Amino acid sequence: MLRCLIVDDSERFLAAARTLLEPDGISVIGTASTGEQALRLAAELRPDVLLVDIDLGGESGLRLAGQLAAQAGTDPIPIILISLHSEEDYAELIAASPAIGFLPKTALSGSAITETLDGVRGR
């Protein structure tokens, strides 16, 4: 089972994502609503994958992805950016980020996460 940490400022989305992903083979080992929480939990829990919302209210999920990647150093945790907006809205920023991919929140599933991870491993 993949161990996942989800970073999103919406408690409702965090609860819905857990309910959606856990039966689909993704163990949600933690959730964070702020960058500070995400950095702490990522270091403590060392998940297999991080889902990070691009828009964290007053914070930038893109900036947080960079901080998470820097914190992990030579042992990176794959980061998948998520958003209600389409990938085209952020394409250049996503490409410039350390994230391995992007998933719209409406397409979030265990298989979508696994496919994104497998796509990177297959390179």
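None of the figures in this text is laboratory data; all of them are computed from the coordinates on show. Because the structure is a prediction, the values reported are computed rather than measured. In this analysis, Cβ positions are derived from the backbone assuming ideal geometry, glycine residues included, and neighbour counts consider all displayed protein chains.
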- Would you mind calculating the gained length between residue 95 and residue 15 on full extension (0.36 nm times residue separation, minus the Cα-Cα distance), in nm to one decimal? 26.0 nm
- Can you tell me the order of 23-32, 84-93 when each peptide is scored by its average per-residue count of other Cβ atoms within 10 angstrom, highest first? 23-32, 84-93
- Message: For a quick check: sort 83, 109 by the number of other beta carbons within 10 angstrom, fewest at the front.
- Response: 109, 83
- Message: Tell me the relative contact order for the chain as a rounded percent, counting alpha carbon contacts under 8 Å between residues six or more apart.
- Response: 24 percent
- Query: Taking the Cα-to-Cβ direction at residue 1 and at residue 105 and moving 7 Å from each Cα, how far apart do the two end points lie in nm?
  - Reply: 2.5 nm
- Task: Would you work out if the stretch 1-85 is rounded, prolate or oblate? Take a ≥ b ≥ c from the square roots of the eigenvalues of the alpha-carbon gyration tensor; rounded if a/c is under 1.5, else prolate when a/b is larger than b/c, oblate otherwise.
- Result: oblate
